[in-house]
Amino acid sequence: MAPEAASHFRDVHDHALRAAERVEGIDRLLSDVLQANVARLFTRNGWL
């Protein structure tokens, strides 16, 4: 493999890892927000 191609693929790999980390962070945040909303609904409606 040409050195330029190897450098390019390392860069692509780095970007893919960063994107995956962002997606995981957003997924955790969304899960936390949804759990908080469910807790609020339970409390608000006296379902506890």
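Structure notes:
- Only one of Ala19, Ala5 that is among the small types (Gly, Ala, Ser), at pLDDT below 95 and in a helix (DSSP H, G or I): Ala5
- Scanning the stretch 29-44 for residues that are surrounded by 10 or more Cβ atoms within 10 Å (Cβ to Cβ) and not hydrophobic (A, V, I, L, M, F, W, C) yields Ser31, Asp32, Gln35, Asn37, Arg40, Thr43.
The values are calculated or read from the model by the stated rules, or taken from the named source; none is laboratory data. All of these numbers come straight from a predicted model, not from anything done at the bench. Because the Cβ atoms are built from the backbone with ideal geometry, glycine has one as well, and the counts that use them run over all protein chains shown.
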